[in-house]
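*Asks:* Can you read through this structure? Questions will come right after.
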Number of protein chains: 2
Amino acid sequence: MTVKSLDTDRAAPPSPPDGGHVRAVIENVTPQVDCGRHPIKRVLGERVHVEADVFTDGHDSVAAQLVFRRGDEEGWHGVFMQPLGNDRWRTSFTVTALGCWLYCVRAWVDHFDTWRRDLVKRRAAGQDLGVEFQRGAEMVEAAAQRARSDPLAHWAARLRDESAGAEARYRAAEDESLHALMRAHPDPGLVAHFPRTLAVTVDRVRARFSSWYELFPRSTSPDPLRHGSFRDCEARLPYVASMGFDVLYLPPIHPIGLAHRKGRNNSVQAQPDEPGSPWAIGAAEGGHKSVHPLLGSLEDLRRLVESARALDIDIALDIAFQCSPDHPYVAQHPEWFQMRPDGTIQYAENPPKKYQDIYPFDFESPEWRALWHELRSVVEFWIAEGVRVFRVDNPHTKPFAFWEWLIGEVKAAHPDTIFLSEAFTRPKVMHRLAKLGFTQSYTYFAWRNTRQELIDYFTELTRGDAREYFRPCLWPNTPDILTEYLQYTGRPGFMLRAVLAATLGASWGVYGPAFELMEHAPREPGSEEYLDSEKYQQRHWDLDRADSLKAYLALLNRVRRENPALQSDWSLRFHPVDNEALLCYSKCSEDRENCVLIVANLDVHHAQSGWLELDLDALGVEPARAFQAHDLLSGARFLWQGSRNYVALDPTQGPAHVLRVRRRVRREHDFDYFL
Amino acid sequence: MTVKSLDTDRAAPPSPPDGGHVRAVIENVTPQVDCGRHPIKRVLGERVHVEADVFTDGHDSVAAQLVFRRGDEEGWHGVFMQPLGNDRWRTSFTVTALGCWLYCVRAWVDHFDTWRRDLVKRRAAGQDLGVEFQRGAEMVEAAAQRARSDPLAHWAARLRDESAGAEARYRAAEDESLHALMRAHPDPGLVAHFPRTLAVTVDRVRARFSSWYELFPRSTSPDPLRHGSFRDCEARLPYVASMGFDVLYLPPIHPIGLAHRKGRNNSVQAQPDEPGSPWAIGAAEGGHKSVHPLLGSLEDLRRLVESARALDIDIALDIAFQCSPDHPYVAQHPEWFQMRPDGTIQYAENPPKKYQDIYPFDFESPEWRALWHELRSVVEFWIAEGVRVFRVDNPHTKPFAFWEWLIGEVKAAHPDTIFLSEAFTRPKVMHRLAKLGFTQSYTYFAWRNTRQELIDYFTELTRGDAREYFRPCLWPNTPDILTEYLQYTGRPGFMLRAVLAATLGASWGVYGPAFELMEHAPREPGSEEYLDSEKYQQRHWDLDRADSLKAYLALLNRVRRENPALQSDWSLRFHPVDNEALLCYSKCSEDRENCVLIVANLDVHHAQSGWLELDLDALGVEPARAFQAHDLLSGARFLWQGSRNYVALDPTQGPAHVLRVRRRVRREHDFDYFL
């Protein structure tokens, strides 16, 4: 068979190619995602460290320059790169505004630098430099002409001035300000450019450091018999804030379909009084731009958003692009759904299972453009109501190209928007969604429990190439995920999973109050579904139960807020322990002023002890000096020295140490003081 | 500062983008060099194994297809890829002609396959399939229309035929020939293409498997007082062939400049009778397209080339793009050289050192295009004389873009041409030259002597990404490189370096007769230059010396020719040994019929013994069965079993075993037979 439609990008170049005399080479620029196809991600104020291989033929000097700009700027900013050895060069720039930034690398053969370097050697060998000064002057004159620079013309004259004597001319040649001027004015015809311009998406800091709390608004009423409302949610805000969460995520808030409505525990037939699943979106009262009447009004939502903002909490809405059979779209736009030969609309299926309460959109519809525009308008609608954080339901069941376009369009207008990808599926699918623009991503954390699982997975997440685009958000539980682990490990298990999520991940979240109240009964043995799940019914929670973990979660979030080390992921390092039940890892701030060491007992049933083998260098600690390991959870302080230190953890007392590493600072009169 | 000239490739796409409904995704196609900027390399008859990540949103099946063609073909060939798991797909194609080949990957959502897969489940669940048969028929009808295919139309009718009964319609649906037809006719509007077309350069087999011998023609005269000639070289061919070499490389054969001619041992002033360095190219008699009068005529060279070809030996010429001050170019094209302010031409320098006998070309000259064309015509000139192999002198001192163009132009017309890059410089520079088109490259082999150095370097060369473009050619010595190792290790050292080069590298070479006669005196202590180097004088060699290694080299090359395992590099595996003085490695043919195991004693002064820990799987040997290790150098045969086997090597007997692994094949009557 033959394929005619495939174009080749190998059209014959002119022979010889234009620019054949450009001698500098730029290769392997990092960071770069899929050959520049996708942007890397940063948050406001972070540095982008850029490296490249830069070299030329022969022995001439080269100059390498990083150029960067905001996407909407006209001109480029340039900063010279420094050689690291082995033809690798490096420098960085800081992203100081939200949105898209661009960067690239350019380089050229630096003849003036070569000439200066050689001049030193010729002089040391006692060679006559007369002709050399003329050569240098020629270069400076050419640059003066290019740059229309009087200072350069002046320097050229000094190099030419035979009457000044060789020593004065040599001093001119080695002058650093002349060198800087010459570097600033290369011959543009001889400058090589890396062939791809690379992009950075710059988000607000919460994209990197966030603490999510999910609750069902309908379960927030103080009256167990009444459907909760936005007003009830507003009353719940101080509770959420007291635990230190800064994103409050609400499952879909829209009218819920009646057709094939699901009952308690996902029963196929709902009773008349049952509220249905919030993900069966759309009814006579409206669809994705409407609010469930029992939750209140748009005005109530706006109040909730504003009250939350006053507590520095973002309200996050759920984007679930699917319809109940009662959704107004179904009648108004049947062309957006797949029609079966028998004239019915195709409901969701995983044959032989049928989900007749859900109609998926048909993204291969001839009318896909109109569908895309409408779905974008849904997001824009809620943005107009003040919402800036969205948790996207099952993004992996809609086309990748759609998300890239939607997120790109929304963030171009509102770069402070955050999208969390709820895709629990195969790794490459999850990664593609992150590359295409999702700000944060759910992970496999809930199912990583053993020491080696945790080390492998978090080494991959924090050290692998994917960290440039994949920002993990760790959830010990969700309304869909009550892990076997949480079902069987009791209070120590909940505490352990919380401390792991809150310290392994700069972003984490819990589905509450199920989490802090340690809800752990599955619908049936072997299931990860909750018994009496809030997905299908409203629940009433006793927030004041004596065994609630709310104080523990509050403490974890306070430690996170007070320790920059825990607010990003790239510094994560695992340290060896001689007991397989103990997991030890650390995180440090970029300036290494703040280092936190976590030791967790993964055995929730027994006390465990062991010897740590700390990588002191990673902790910024000198081997010969004592340091304090200050447990920020218990308040205990341990005086340690060297890499080998003893730890014992009893799960009934707490599953982990979260230790601030306090380095000893020697003051006057040998008085010791710990930072 | 700002940079205006830098273009961004991020022009705004239409919103939504065209093709937004194309749902298949293709990522991470391998092999790929620098995002497809450079071709990979193969030789005639090799397979190219292509892999890609291919997936789509949701749960639909995808089809992935490798497409490929020769550069000069109109249409593409397609071959379906097979899933490897984790969304990775793989297949291969064979390159059956020299020159440029192209490949790419395309993929699409395979609705028909999804439908078939689900139909099986629906049937097993006892669902009514009537509407499903209609859905299937619709898909087949659409394909029939696209493909104008009567067979497909016929299949559609069978699916629609209610009178045939559900069972007959089901049998039609699961028919494999229908499936194949449907796969062959996807909707072209929904096919995704990997955005870059990738290229393969296909060389003749000698590009991968070659044995080089370098000699100075002027030293080939049987009369020590007479300058050797092409006729003398012709007489030397049987000697070269008897040692099994298949490329005979001659240093530059052109007239040698008189100005600043170098004398014996690189003295600055040559005596009147001294011949000068062949790399000081050009004199009154001519330049790069002329032959040194004392070597003979062009006619003599053609005879040499033809006589060599009759022995299956390629004559390789030296491409050294530089001029002596007497080169005709200097007078005819002063614009190709750099003029100094005092009106003199810039000679080669490494300040404060001066090389006044050499004028480098100025590739930044405004007349660089004319220079490029002239230099290309030099290569074309010798190709017209029958030469197809070139060793390029110091390519890293000429622009990279020039080599890419030159080699591309030459190989487009003569794809059987081989270029060996003589760049002993920094790794990234050497790699860039290989990427740009050099067929083979010199390596750091000469300076890798210890066990760990050898393991690290050859693991990098044979397992790293660079193997796709960098073909190593291993030289224990060259006229410029008499290593400290060879100066001090005597006959066992020469033998060891020969066996390492000949078995670690599918391509290797020696500079002879200096090598087989174990020439080892340096010009001065600490120097890697030969004393009385042939670079500056003619020498007379006693080829019949009793201690010559010629028989050993002949044996090595015979073993190489008889064992396909040694004719390529990618199968190289190192095996552990419990004695650090022993190095053990193996190579196997792709079909694993031919496996060779090398054990070398790196200690040339003492006998060493140790236990090997063989990776039997890499050798295709079953742990429970005995196998023969047959030493192809000594003829000895060892009966071994399992991974742990004992070896002892005395350097006075020979520095290495080169063992053919002969697997035991059980025949009738329990008679054992070794393949």
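*Asks:* Which of B:LYS262/B:LYS428; A:LYS121/B:LYS354; B:LYS353/B:LYS428 have a Cα-Cα distance over 24 Å?
*Replies:* B:LYS262/B:LYS428; B:LYS353/B:LYS428
*Asks:* May I ask you to report, in nm to one decimal and beginning with the shortest, the distances from A:ARG340 to the same position in the other copies, taking label points 7 Å along Cα-to-Cβ?
*Replies:* The answer, with the shortest distance listed first, is 9.0 nm.
*Asks:* Shifting gears a bit: Can you list the distances in nanometres, one decimal and ascending, from the B:THR96 label point to the identical position in each other copy, with the point 7 Å along Cα to Cβ?
*Replies:* Result, one decimal in nm: 6.3.
*Asks:* Across peptide A:338-344, what mean number of C-beta atoms from other chains lies inside 10 Å of a residue's C-beta?
*Replies:* 3
*Asks:* Any idea what the dipole of segment A:299-453 comes to, in debye rounded to 20, about its Cα centre with Lys/Arg Cβ at +1 and Asp/Glu Cβ at -1?
*Replies:* Dipole magnitude for segment A:299-453 comes out near 780 debye.
*Asks:* Check which residues have an amide H placed less than 5 Å from A:GLY36's amide H, if you skip close sequence neighbours.
*Replies:* none
*Asks:* Using Cα pairs under 8 angstrom and six or more residues apart, how large is the relative contact order of chain A, in percent?
*Replies:* 10
*Asks:* May I ask which residue of chain B has the beta-carbon nearest to the axis carrying chain B onto chain A, and at what distance in whole Å?
*Replies:* Minimum Cβ distance to the axis, with residue: B:CYS35, 2.
*Asks:* Just name one of A:ALA259, A:THR483, A:SER211: the one whose Cα is farthest towards the positive end of the charge dipole of chain A (beta-carbon charges, Lys/Arg +1, Asp/Glu -1).
*Replies:* Working it through, the farthest residue towards the positive pole turns out to be A:SER211.
*Asks:* Sticking with this structure for a sec: What nm value, rounded to one decimal, do you get for the distance between B:GLU593 and A:ASP34 when each label is placed 7 Å out toward the C-beta?
*Replies:* Once both label points are built, they end up 4.3 nm from each other.
*Asks:* Right, here's the next one. Give the aspartates and glutamates reachable from B:LYS289 as a straight Cα distance under 13 Å; neighbours fewer than 8 places away on the same chain don't count.
*Replies:* Straight-line reach from B:LYS289, under 13 Å: B:ASP318, B:GLU374, B:GLU380, B:GLU385.
*Asks:* For chain A, find the longest principal axis of its Cα atoms and tell me its angle to the long axis of helix A:368-384, 0 to 90°, nearest 10.
*Replies:* Approximately 90 degrees, to the nearest ten.
*Asks:* Taking amide H positions as placed 1.01 Å from N in the peptide plane, with prolines and chain starts having none, which residues 5 or more places from A:ILE418, or on another chain, fall under 5 Å of its amide H?
*Replies:* Amide H neighbours of A:ILE418: A:VAL389, A:PHE390.
*Asks:* Below 8 Å between Cα atoms, with a sequence gap of 6+, how large is the relative contact order for segment A:373-509 in percent?
*Replies:* 19
*Asks:* Which loop-located trypsin sites (Lys or Arg not before Pro) does segment A:115-166 contain, where loop means any DSSP state but H, G, I, E or B and the Cβ has at most 16 other Cβ atoms within 10 Å?
*Replies:* Answer in residue order: A:ARG148.
*Asks:* Only four residue types carry charge here, +1 at the Cβ of Lys and Arg and -1 at the Cβ of Asp and Glu. Report the dipole size of segment B:233-307 about the Cα centre in Debye, rounded to the nearest 20.
*Replies:* That gives a dipole near 220 debye.
*Asks:* In addition: Note every residue of segment A:85-108 with a reduction of at least 20 square angstrom in accessible area, all protein chains present versus the isolated chain, computed with a 1.4 Å probe, or write none.
*Replies:* Output list: A:ASN86, A:ASP87, A:LEU102, A:ARG106.
*Asks:* Would you kindly derive the ³J(HN,Hα) couplings of segment B:94-109 from the backbone phi angles with the Karplus curve 6.51 cos²θ - 1.76 cosθ + 1.60 (θ = phi - 60°), listing them in order in whole Hz, with x for Gly and Pro?
*Replies:* Computed from phi, the couplings for segment B:94-109 are 10, 8, 10, 8, 6, x, 8, 10, 10, 8, 7, 10, 10, 7, 7, 6 Hz.
*Asks:* Also, quick follow-up: Per residue of segment A:624-637, in order, report the coupling 6.51 cos²θ - 1.76 cosθ + 1.60 (Karplus, θ = phi - 60°) as ³J(HN,Hα) in whole Hz, putting x for Gly and Pro.
*Replies:* 7, 10, 5, 9, 9, 10, 9, 6, 6, 8, 9, x, 5, 10
*Asks:* Sticking with this one: For B:ALA316, what residues show an amide H to amide H distance below 5 Å, using hydrogens built from the backbone and excluding near sequence neighbours?
*Replies:* The answer is B:LEU248, B:TYR249, B:LEU250.
*Asks:* Okay, moving on. Just the accessible area for B:HIS414, please: 1.4 Å probe, Å², rounded to the nearest 10?
*Replies:* Approximately 60 Å² of B:HIS414 is accessible to the 1.4 Å probe.
*Asks:* Which residue, A:PRO31, A:LEU44, A:HIS59, has the largest displacement toward the positive end of the dipole of segment A:30-88 when charges sit on each Cβ (Lys, Arg +1; Asp, Glu -1)?
*Replies:* Of the candidates, A:LEU44 comes out farthest on the positive side.
*Asks:* Show me A:598-605, A:338-345, B:185-192 ranked by packing, highest mean number of other Cβ atoms within 10 Å first.
*Replies:* Result, highest mean Cβ count within 10 Å first: A:598-605, B:185-192, A:338-345.
*Asks:* Still on this structure, please answer the following. Give the carbon-plus-sulfur fraction of the accessible surface of segment B:85-201 in %, rounded to a whole number; probe 1.4 Å, heavy atoms of protein chains only.
*Replies:* 50
*Asks:* Taking only Cα atoms, what is the 0 to 90° angle, nearest 10, from helix A:111-124's long axis to the longest principal axis of chain A?
*Replies:* The angle comes out at about 50 degrees.
*Asks:* Label points 7 Å out from Cα along the Cβ direction at B:ALA348 and A:GLN653: separation in nm?
*Replies:* 7.5
*Asks:* As a test question: what accessible area, to the nearest 10 Å², does A:MET139 have when a 1.4 Å probe is rolled over all protein chains in place?
*Replies:* About 40 Å², rounded to the nearest 10.
*Asks:* Then there's this: Cross-link partners among lysines for A:LYS587, C-alpha distance below 24 Å, same-chain residues fewer than 8 apart left out?
*Replies:* Reachable lysines: A:LYS41.
*Asks:* Classify segment B:600-660: rounded, prolate or oblate, from the alpha-carbon gyration tensor (a ≥ b ≥ c, eigenvalue square roots; a/c under 1.5 rounded; otherwise prolate if a/b is larger than b/c)?
*Replies:* In terms of gyration-tensor shape, prolate.
*Asks:* Determine the shape class of segment A:318-362: with a ≥ b ≥ c the square roots of the Cα gyration tensor eigenvalues, call it rounded for a/c under 1.5, and otherwise prolate if a/b is greater than b/c, oblate otherwise.
*Replies:* Note, shape of segment A:318-362 comes out oblate.
*Asks:* Here is a further query. Quick check: from the Cα gyration tensor, does chain B come out rounded (a/c under 1.5), prolate or oblate?
*Replies:* oblate
*Asks:* In addition: In nm to one decimal, list the spacings between the A:THR30 label point and its equivalents in the other copies, with label points set 7 Å along Cα to Cβ, shortest first.
*Replies:* Reported distances to equivalent positions: 1.7 nm.
*Asks:* Which of A:GLY408, B:GLY512, A:LEU152 sits closest to the plus end of the dipole of the protein assembly as shown, meaning its Cα is farthest towards the positive end, when Lys and Arg get +1 and Asp and Glu get -1 on the C-beta?
*Replies:* B:GLY512
*Asks:* Between the helical axis of B:150-160 and the dominant principal axis of chain B, each derived from Cα atoms, what acute angle in degrees is found, rounded to the nearest 10?
*Replies:* Rounded to the nearest ten degrees, it is 40.
*Asks:* Given a 1.4 angstrom probe, what's the average accessible area per residue across the protein assembly as shown, in square angstrom?
*Replies:* Averaged over the residues of the protein assembly as shown, the accessible area is 39 Å².
*Asks:* Right, here's the next one. How high is the relative contact order of segment A:62-131? Use alpha-carbon pairs under 8 Å, at least six apart in sequence, and give a whole percent.
*Replies:* 35
*Asks:* Please get the size of the charge dipole for chain A, origin at its Cα centre, with Cβ charges of +1 on Lys and Arg and -1 on Asp and Glu, quoted in debye to the nearest 20.
*Replies:* For this selection, approximately 720 debye.
*Asks:* Per residue of A:188-196, count partner chain C-beta atoms within 10 Å of its C-beta, then hand back the mean as an integer.
*Replies:* Taking the mean over all residues of the peptide, I get 3.
*Asks:* Please compute the average number of Cβ atoms from other chains found within 10 Å of each residue's Cβ in peptide A:395-404.
*Replies:* Partner Cβ neighbours, averaged per residue: 5.
*Asks:* What is the P(r) of segment A:548-587, as percent of Cα-Cα pairs per 10 Å bin from 0?
*Replies:* Result, from short to long distances: 26, 36, 35, 3 percent.
*Asks:* Considering only protein heavy atoms and a 1.4 Å probe, what is the carbon-and-sulfur percentage of the accessible area of segment A:491-563?
*Replies:* C and S fraction of accessible area: 51 percent.
*Asks:* Output needed: Cys residues of chain B lacking any neighbouring Cys C-beta below 4.7 Å, sorted by number.
*Replies:* By the Cβ distance rule, which asks for a partner under 4.7 Å, the isolated cysteines are B:CYS100, B:CYS104, B:CYS233, B:CYS323, B:CYS473, B:CYS584.
*Asks:* Something else: As a test of the formula, what do you get for chain A when each DSSP H run with n ≥ 4 contributes -39,500 (n - 2.57) and the sum is divided by the residue count, at 222 nm and rounded to the nearest 500 deg cm²/dmol?
*Replies:* Mean residue ellipticity at 222 nm (helix-derived): -8500 deg cm²/dmol.
The values are calculated or read from the model by the stated rules, or taken from the named source; none is laboratory data. The structure displayed is predicted, hence computed values, not measured ones. All Cβ positions, even for glycine, are placed from backbone atoms using ideal geometry, and neighbour counts span all protein chains on display. Side chains included, ligands, DNA and RNA excluded: accessible areas come from the protein's heavy atoms. Shrake-Rupley method; radii C 1.70, N 1.55, O 1.52, S 1.80 Å.
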